1. Inspect all residues belonging to the range 8-30 and state whether any of them is surrounded by 12 or more Cβ atoms within 10 Å (Cβ to Cβ), part of a strand (DSSP E or B) and either out of contact with any helix residue (DSSP H, G or I) (no Cβ under 7 Å at 6 or more places or on another chain) or at pLDDT below 95 (or both).
2. Taking the range 202-237, which residues are more than 12 Å from the ligand (Cβ to nearest atom), assigned to a loop (DSSP other than H, G, I, E, B) and over 23 Å from the mean Cα position of the chain (by Cα)?
3. May I ask you to list the residues in the range 176-201 that are in contact (Cβ under 8 Å) with a residue 12 or more places away in the chain, more than 12 Å from the ligand (Cβ to nearest atom) and touching a strand residue (DSSP E or B) at 6+ places or on another chain (Cβ under 6 Å)?
4. For the structure I just gave you, tell me whether residue 141 is in contact (Cβ under 8 Å) with a residue 40 or more places away in the chain, under 19 Å from residue 27 (Cβ atoms) and not in a loop (DSSP other than H, G, I, E, B).
5. Only residues in the range 202-215 that are farther than 15 Å from residue 185 by Cβ count as the first member; pair them with residues that are in a helix (DSSP H, G or I) and near the ligand (Cβ under 8 Å from one of its atoms), Cβ under 6 angstrom, at least 6 apart or cross-chain, and list the lot.
6. If residue 163 passes every condition in (1) within 15 Å of the ligand (Cβ to nearest atom); (2) within 30 Å of residue 91 (Cβ to Cβ); (3) free of Cβ contacts under 8 Å to residues at least 24 places away in the same chain but one, which one does it miss?
7. Tell me the residue from 65, 84 that is part of a helix (DSSP H, G or I), surrounded by 15 or more Cβ atoms within 10 Å (Cβ to Cβ) and in contact (Cβ under 8 Å) with a residue 40 or more places away in the chain, please.
8. With the requirement that a residue be touching a helix residue (DSSP H, G or I) at 6+ places or on another chain (Cβ under 8 Å) and either at pLDDT below 95 or farther than 22 Å from residue 248 by Cα (or both), what does the range 266-292 give you?
Ligand SMILES: [Zn+2]
């Protein structure tokens, strides 16, 4: 049982009779990225029983963006009750960075109208439900451990190669957090010393060399139309970073997702594995594997469901595990 991942844990044994009567308990899961707002209803077993989507309109203000999100959330909440006879236990959110702890304030890189937008508070006010959330790569790691390629593994890394490159690390079943919540942010590992200037100010970061945005800047073409060389190079650089992570964190499993990686397919994954084999040579990192995300395009919403269920479980745990002599 992975302690930080919702998992196929038995239902809480102290559920009240009212809870037991609920035909379906779900979390309302929301993925915030620069292109669209995606939402779904995720059961405690990780089934996605309904979905909704709203495009992110360009050039509208922060409140217009929020209104579009709120409309979708309200409708899906009603669909849960009326169509699925489900009880919504909480809201889970995966959000593109930057975010602060608990999503109190979010500033998604590619959603420029939201800068320090108070997302958690607004969603809590809208739904009357507890809201739990984190960075998109971190919630994807929860989902991969729960339902995907890292199911049953207690140690692994997730790297997402999309417009930007992000990541997350799970050690001993727990998602690493760090002082500000950015542990596992692998996009700023230097893979090409002296290379392209990154938006962080450094040169040769993985994000500045191998992200979708970087590929478009380097090639002058959409990243969906790559050359063979670009697919290979991108894989090689991601594999190099993966080896550094495996060496530093004593890992042998790296799950790679994201639209760029999945679009490049076998050429990318082969090149990444070759680079990983070249650079991960320590007794504990030798033989480390790169494996594609198994959740595909449902990963982000399932990730949001995973963090939502983790939050719901944690918020009920003290009550049911309280020993008799507790305060
Ligand atoms: Zn950087």
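1. The answer is yes, given that some residue of the range 8-30 is surrounded by 12 or more Cβ atoms within 10 Å (Cβ to Cβ), part of a strand (DSSP E or B) and either out of contact with any helix residue (DSSP H, G or I) (no Cβ under 7 Å at 6 or more places or on another chain) or at pLDDT below 95 (or both).
2. Within the range 202-237, 220, 221, 222, 225, 226, 227 qualify.
3. 184
4. yes
5. 214/208
6. Among (1) within 15 Å of the ligand (Cβ to nearest atom); (2) within 30 Å of residue 91 (Cβ to Cβ); (3) free of Cβ contacts under 8 Å to residues at least 24 places away in the same chain, residue 163 violates only (3).
7. Details: 84 fails: part of a helix (DSSP H, G or I).
Matching residue, one of 65, 84: 65.
8. Once the filter is applied, which keeps residues that are touching a helix residue (DSSP H, G or I) at 6+ places or on another chain (Cβ under 8 Å) and either at pLDDT below 95 or farther than 22 Å from residue 248 by Cα (or both), the range 266-292 yields 267, 268, 270.
The values are calculated or read from the model by the stated rules, or taken from the named source; none is laboratory data. Here the structure is a predicted model, which means the values were calculated and not measured. When we count neighbours, we look across all protein chains shown, and the Cβ atoms used for this are built from the backbone with ideal geometry, even at glycine.
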